[in-house]
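Chemist: Mind having a look at this structure? Questions to follow.
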Amino acid sequence: MIEIRFHGRGGQGAVTSAELLALAAIHEGKYAQAFPSFGPERRGAPVVAFCRINDKPIRIRANIYEPDLVVVLDASLLKIVNVASGLKPEGMIVTTSKDSPEKVREILNVKNRVGVVDAVKIALEVLGLPITNTTMLGSVVKASGLVQKESFIPPFKERFGRIAEKNIAAFERAYQETLIV
Amino acid sequence: MGKRVGMEVSIAAAEAVKQANVDVISAYPITPQTHIVEHLSEIVANGELDAEFFCVESEHSAMSICIGSEATGARSFTCTSAQGLALMAEMTYIASGLRLPILMIVANRTLSAPLSIWNDHSDTMMIRDCGWIQFFVENGQEVYDHVFISYRVGEDRSVLFPTIINMDGFILSHVIEPIELIDQEKVDKFLPPYQPLYRLHPDQPVTMGAFALPAIFAETKKAQEVALRASLPKILEVWKEFGDLTGRYYHPVETYKAEDAETLLVTMGSIGETASVAVDRMREEGRSVGLVKIRLWRPFPFEALKQATLHAKNLVVIDRAVSVGGPGGPVASEVKAAIYGEPLRPTVYNFIAGISGRDVAPFDFIKMVDKAEIEIEEGKKDGYELYGVRE
């Protein structure tokens with residue numbers, strides 16, 4: 001079972017990211033689960049969301065304390081939230097940042113693999129909004145290979161309707177531009 | 001097996017209500033039940049379901065409308081949480097007293113104060129004795145399935161009781177997971193239209209819920225009590241038929257690695273799944289631990305519970321609500337009552353855990369089993385603790 005924790009700020013779409021990743025995995029015939037850290041929604045405040053993916057039915061309903069993958073949707077969180085908390089030694093962090101993956105590793109003071117993409121820039125250019133949820137998923141797929149790219153198309157179309165194409169484009173660009181160390 | 005579709009559990013619940021072809025939906029939005037009602041209002045507005053959707057001004061009215069509509073023979077649905085359930089509590093007793101097979105989903109949430117929107121079982125325990133059939137489910141599939149099962153059981157002429165499906169708020173209601181949907185044709189065959197025994201109709205006037213003097217009230221109450229207990233065989237029969245139809249078989253009490261276990265965890269609701277992961281971890285360490293999960297809360301399955309637990313040395317019962325100033329948690333009280341008459345019975349240790357949505361992880365179950373086993377070994381009887389409270 002792979003456990004993924006998303007860090008974002010209220011309104012950026014961390015919950016949507018977790019949900020779309022689960023929906024894409026389920027679309028592939030896998031078992032998956034996505035849920036927010038339940039609470040009153042607060043725009044701009046640090047939030048987390050969770051996703052589990054497995055080949056067998058998932059029986060655990062607790063929060064994720066030792067993730068295999070951490071996804072960060074807002075670079076400012078790297079310095080104010082311990083996003084690497086509990087991350088497995090072989091686990092990975094994927095984040096938006098203008099910095100290089102080496103620099104991000106230094107900021108976080110971790111030895112884990114790190115994937116970096118400037119998701120804010122891509123989202124602004126492609127979507128016209130600094131909402132990084134779908135963009136970061138492109139980076140997640142590139143860095144982790146957890147789910148096939150094509151599996152996101154049905155959930156994107158269902159969730160975004162006429163703006164699905166733009167989100168697919170942002171996803172694809174992040175996939176191409178992600179750097180990994 | 002049907003295809004698994006990823007969706008939020010609340011959406012799956014609403015889709016089941018649509019597939020059950022209900023005639024009347026009456027509800028007032030309250031967190032965390034909101035998504036069920038929102039989706040149902042869309043379904044009705046889009047013309048996907050030919051039903052009356054009543055936007056009421058309170059939960060008291062929501063239940064009152066369901067009582068009125070169900071009394072005319074219309075299949076009726078509502079759902080609520082916490083304070084909303086408190087406000088409709090008065091009418092829940094009317095619904096069961098009139099033997100109206102309404103279905104209500106309770107997305108379980110903590111009762112205030114202090115104000116809390118998170119999950120525990122304090123809301124539904126408030127109306128424990130309201131005379132409804134009461135299920136607890138562990139995952140989204142079970143919520144979806146029990147919508148059909150509940151109407152089928154409740155509307156049976158040998159039963160005629162309203163039903164509550166308890167699903168943990170947020171922990172289930174706001175989770176996306178795969179749901180195996182049932183073809184409409186199969187649903188229609190399993191759940192034919194409601195044929196009421198009596199109904200309010202101008203052409204054939206009847207009185208429902210008339211005034212009862214002390215000379216007759218006790219007899220009426222006994223009839224209700226006998227009938228609710230007697231619904232158990234029908235519930236078992238419908239579960240069996242549903243299992244044959246879908247491959248998903250349900251039981252009033254379900255066990256996991258329990259047969260040879262010295263210590264049994266006893267749970268109710270969605271924490272049962274997490275507890276099973278904890279049992280696997282303890283088994284890997286060679287510990288003799290198993291799990292017993294209560295699915296049917298009313299009528300309480302005394303015999304099934306005894307069968308599942310009497311061989312064990314220790315029962316570690318996990319409650320999600322407190323009987324303040326009382327004997328501990330409501331599940332532990334029931335478990336103790338069920339085994340009290342047995343000459344050889346396990347020792348019960350009761351934890352209240354996950355109050356107001358506090359996370360209960362596998363390691364928490366392991367800590368609870370550790371503590372209970374040590375204290376029972378030291379001779380402590382009837383141990384009781386609010387787990388994980390900072391003091």
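Throughout, read-outs are computed from the coordinates displayed, never taken from laboratory work. Please read these numbers as outputs of a predicted model, since none were measured by experiment. Glycine also receives a Cβ, built like all others from the backbone with ideal geometry; neighbour counts cover every protein chain displayed.
Chemist: For chain B, find the longest principal axis of its Cα atoms and tell me its angle to the long axis of helix B:271-284, 0 to 90°, nearest 10.
Modeler: That helix lies at roughly 30 degrees to the long axis.
Chemist: Taking segment B:343-391 on its own, what percent of its Cα-Cα pair distances exceed 17 Å?
Modeler: Within segment B:343-391, distances greater than 17 Å cover 38 percent of Cα pairs.
Chemist: A further question on this structure: On C-alpha positions alone, give me the angle between the axis of helix B:140-154 and the longest principal axis of chain B, in degrees, nearest 10.
Modeler: 60 degrees
Chemist: Also, quick follow-up: Between segment A:10-39 and segment B:110-164, what is the separation of their alpha carbon centroids in Å?
Modeler: Cα centroid of segment A:10-39 versus Cα centroid of segment B:110-164: 27 Å apart.
Chemist: Which helices count as membrane-span-like in chain A under these terms: full DSSP H, at least 18 Å along the axis by C-alpha, Kyte-Doolittle mean of -1.0 or more?
Modeler: A:14-27, A:164-177
Chemist: Note down the net charge around B:I67, summing +1 for each Lys or Arg and -1 for each Asp or Glu among other residues with Cβ under 12 Å from its Cβ.
Modeler: Combined, the nearby Lys, Arg, Asp and Glu give -1.
Chemist: Still on this structure, please answer the following. Taking a quarter of the surface of the convex hull around the Cα atoms of chain B, what do you get in nm²?
Modeler: Projected area, direction-averaged: 20.8 nm².
Chemist: Here is a further query. Take the cross-link list A:K56/B:K293; A:K142/A:K166; B:K336/B:K367; A:K88/B:K293; A:K30/A:K157; B:K18/B:K240 and give me the ones stretching past 27 Å between alpha-carbons.
Modeler: A:K88/B:K293
Chemist: Oh, and also: Pairs of Cα atoms under 8 Å, at least six residues apart: use those to get the relative contact order of chain B, whole percent.
Modeler: About 15 percent, as a whole number.
Chemist: What are the lysines whose alpha-carbon lies under 22 Å from the alpha-carbon of B:K222, with same-chain residues fewer than 8 places away excluded?
Modeler: Straight-line reach from B:K222, under 22 Å: B:K234.
Chemist: Jot down the radius of gyration and Dmax of segment B:288-391, Cα atoms only, both in angstrom.
Modeler: 13.4, 39
Chemist: Give me a comma-separated list of calculated 3J(HN,Hα) values for segment A:2-13, in order, Karplus coefficients 6.51, -1.76, 1.60 applied at θ = phi - 60°, integers in Hz, x for any Gly or Pro.
Modeler: So the Karplus estimates, Gly and Pro as x, are 9, 10, 10, 10, 9, 10, x, 10, x, x, 7, x Hz.
Chemist: Same structure, new question: Take the Cα atoms of segment A:1-69, build their convex hull, and give its volume per residue in Å³.
Modeler: 76 Å³
Chemist: I want the local charge near B:I366. Using Cβ-Cβ distances under 13 Å, sum +1 for each Lys or Arg and -1 for each Asp or Glu among the other residues.
Modeler: Once all neighbours under 13 Å are counted, the net charge is -1.
Chemist: Follow-up. Tally Lys and Arg at +1 and Asp and Glu at -1 over the other residues with C-beta under 11 Å from the C-beta of A:A49: what net charge comes out?
Modeler: So the surrounding residues net to 0.
Chemist: Toward the positive end of the charge dipole of segment B:4-246, about the Cα centre and with charges on Cβ (Lys, Arg +1; Asp, Glu -1), which of B:I235, B:I171, B:T34 goes farthest?
Modeler: The residue sitting farthest along the positive end of the dipole is B:I235.
Chemist: Okay, moving on. What is the Cα radius of gyration of chain A over 2.2 N^0.38 Å, N being its residue count?
Modeler: Output field value: 0.93.
Chemist: Which whole-number value in Å³ per residue fits the convex hull of the alpha carbons of the protein assembly as shown?
Modeler: Per-residue hull volume (Cα only) is 168 Å³.
Chemist: Within 10 Å of each Cβ of A:18-31, how many other protein chain Cβ atoms are there on average?
Modeler: 3
Chemist: Sticking with this structure for a sec: Using a Förster distance of 60 angstrom, determine the FRET efficiency expected from the C-beta separation of B:A215 and B:L115, and round it to 0.05.
Modeler: 0.85
Chemist: Hey, what angle do you get for helix B:34-45 against the long axis of chain B, alpha-carbon based, 0 to 90 degrees rounded to 10?
Modeler: That works out to roughly 20 degrees.
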